[in-house]
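Here's the structure we're looking at; comments come further down.
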Amino acid sequence: MTSVQLGWMPKYGSLFPAIVFFLALAALPVANLLFLSFMEISWEGGVVQREFVGLENYAALADDPLLKAGISNTLILVVVATSCQVALGLALALACSSLGNSSRLYRTLFILPILIPGIIIGAIWRLMYNFQFGIINQGLDLLGIPAIDWLGSPHLALASVIVVDIWHWTPFSFLLLLAAVEGLPKDVSEAAKVDGATAWQEFRRVSLPLLWPAIVTTFIFRAVIAFKVFDEVFLLTSGGPGTATEVISFTIYQRFFLQDNPGYGSAISVAVIFSVALVIAIALQMQNRREATR
Amino acid sequence: MSNAVKTERRWPKEKIVLHAAMILAVIITLGPFVWIALSAFKTQIVLLMGDITFSPVSYNFDEVLFDRRSTYPQNFLNSLIVASISTMLVIVIAFLAGYSLLRMNWPRWVLNAFLVWAMLFNLVPPVSLASAWYELFRTVNLSIDLISLTLAHTTLNLPMALWLLIAFFREVPKELEEAAFVDGARFFTLLRRVIVPVMMPGIVAVAVLVFIFSWNEFPVALALTNNKTATVPVAIAKFVQEEEIKYTQMAAASVLSAIPALLALIFGQRFIVKGLTAGAVK
């Protein structure tokens, strides 16, 4: 990194704007959130009343039924949706790769869902799931199956949301895995074929182990996005019916904005940020240890 | 010999099956878009009746774009302003910072601080950040202005842009800069004449992504806007909250809101793939 010697002006000047944004708009608001999480905030006669309540907001987290539902639904969504997306994405990537150049158009078309606003995805699927005139129930009608209330039934709603998430984000897994599949050394799989391996054996014993790191990376990338899911749920079900599709992001939104309870809402946000930071710290620690033992 | 003939014969069949599977995947991927686009040209009654054949009408687009009560043109303009300005800010700030962090002997902890920022912002739900910004901007009385949303989007996308650009910076050979210095170039001349041209594909890739992410962003925009400053996603979400949902107008608004994505796909496909995969591969 010891390339060119410049004066202090370019060095500090070039990083200065980023530092300003970091301090004023990333660190400060999060610190403010932490401060608010110890407060009970109310409005009296147009004036903000702040009362220090210590850890009361945090103690209340344990008894929040909405938060409990949010956590369990989010975990189900993350695990189910991400697994399906990685499996489907890998299958598509392998198929695309073996088709070579003739698969150009498919690759382009698969990107579209990633670029469309999540809210639009929600709007599209809300129309498609519609009990009365949605295309899915129309299709069932042609087959003689009675209409199903995809988003209104407590048993089906979460599954319906997960289907939308799989549809929305499989292309992203596909894109990441395609890069990995294209990077596979050709000679190894050819050697396996010469040795008489079937396609399945070749995949299972040669390609899959080589692709494993990319599969894990894709899984993590996708899980992170799935964990934050908000837009589609907002438009499809708003967490309902009951708490059937309540997810963490939506719980925060409800407590903080809809119930206008910034103190408690901040406590949930801080708890989520803290848990996430903890997961990062553990992951980094594990990685360091693995590198040290190598 | 017989073996070779066999594989030759088997190949096209395998290809046909694969192509069929891919076409099915494409239909599943594009089907919903086609359906919503068709719905945008139907009247509410045709949509409710579920008729398969219909005569297309432009009524929904007229209502959304030209009706006096429609806020959609304003929403579109708001989105355009926020996404363009925040993208410009992100690119300039991340470009300078990325170059500085990579080439100017910053101590390790400064790099780590930015890395932690990037990781946290990548992992924390935007709703949490929205609540943090909402409180901050309310305290400084900026809450109803497009400026606050532009600043928030800049902060939201800055870490990602920074790491992507650093990944692209690493591919720039140092000899280029050294040669420029020997020639006596000053810092900004060096950036403008040498680094920016070499980095252009990377810059475009990141800019396209940042623009699309800002255009699509919903939770922060929902928290920081009112009726006048609402962006496109917020406006479309509002359709659902009305007592009688105007489904076909919602479809028309949705189709219009996909324009930037379609343009990006048609003209910048190569850049998007580069940007989306660079973060994961490197």
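We did not get these values from a lab; they are worked out from the coordinates using the rules stated. The model shown is predicted, which means the values in this text are computed figures rather than measured ones. Please note: Cβ atoms are built from the backbone with ideal geometry, for glycine as well, and neighbour counts cover all protein chains shown.
Annotations
- For A:Met39, nonlocal amide neighbours, meaning residues 5 or more places apart or on other chains whose placed amide H falls under 5 Å from its own, are A:Val53.
- Subtracting the Cα-Cα distance of A:Ser83 and A:Arg104 from their residue separation scaled by 0.36 nm leaves 5.0 nm.
- Sites A:Val194 and B:His19 - FRET efficiency at Förster radius 41 Å, r taken between beta-carbons, to 0.05: 0.95
- Rounded, prolate or oblate (a/c below 1.5 giving rounded, otherwise prolate when a/b exceeds b/c) for chain A by Cα gyration tensor: oblate
- Using the Karplus relation 6.51 cos²θ - 1.76 cosθ + 1.60 with θ = phi - 60°, the per-residue 3J(HN,Hα) values for segment A:97-112 come to 5, 6, 7, x, 5, 6, 9, 3, 4, 4, 4, 4, 5, 5, 6, 3 Hz, with x marking Gly and Pro.
- Considering only B:Val255, B:Thr231, B:Ser131, the residue lying farthest towards the positive end of the dipole of segment B:119-262 is B:Thr231, judged by Cα position with unit charges set on Cβ.
- For A:Met9 and A:Leu75, a Förster radius of 51 Å and the Cβ-Cβ distance give a FRET efficiency of 0.50, rounded to the nearest 0.05.
- With the simple model of a label 7 Å out from the Cα in the direction of the Cβ, A:Asp260 to B:Glu175 spans 6.6 nm.
- Net charge dipole size for segment B:124-199 [Lys, Arg +1 and Asp, Glu -1 on Cβ; Debye, nearest 20]: 80
- Directionally averaged shadow of the protein assembly as shown, computed from the convex hull of its alpha-carbon atoms, nm²: 32.9
- Alpha-carbon Debye profile of segment A:113-183, log10 I(q)/I(0) at 0.12, 0.25 Å⁻¹: -0.42, -1.09
- Cα-based shape type of segment A:140-294, given that a ≥ b ≥ c are square roots of the gyration tensor eigenvalues and the cut on a/c is 1.5: oblate
- Shape category assigned to segment A:1-152 from the gyration tensor of Cα positions, a/c cut at 1.5: oblate
- Helices in chain B that qualify as membrane-span-like (whole DSSP H runs, Cα extent of at least 27 Å along the helix axis, mean Kyte-Doolittle hydropathy of 1.0 or higher) are B:72-103, B:146-169, B:196-216, B:259-281.
- Look at B:Lys42, B:Lys174, A:Lys68 and count the other Cβ atoms within 10 Å of each Cβ; fewest to most, that gives B:Lys174, A:Lys68, B:Lys42.
- Violating pairs (Cα-Cα greater than 26 angstrom) within the set A:Lys68/B:Lys238; A:Lys228/B:Lys274; B:Lys42/B:Lys228; B:Lys174/B:Lys274: A:Lys68/B:Lys238; B:Lys42/B:Lys228
- Linear extension gain, B:Leu262 paired with B:Leu30, 0.36 nm per residue minus alpha-carbon span: 82.3 nm
- Spread over its residues, the convex hull of the C-alpha atoms of chain B is 219 Å³ per residue.
- If only the Cβ of Lys and Arg carry +1 and only the Cβ of Asp and Glu carry -1, the dipole of the protein assembly as shown around its Cα centre is close to 1860 debye.
- Once both labels are positioned 7 Å from their Cα atoms along Cα-to-Cβ, the gap between A:Met286 and A:Tyr58 label points is 2.5 nm.
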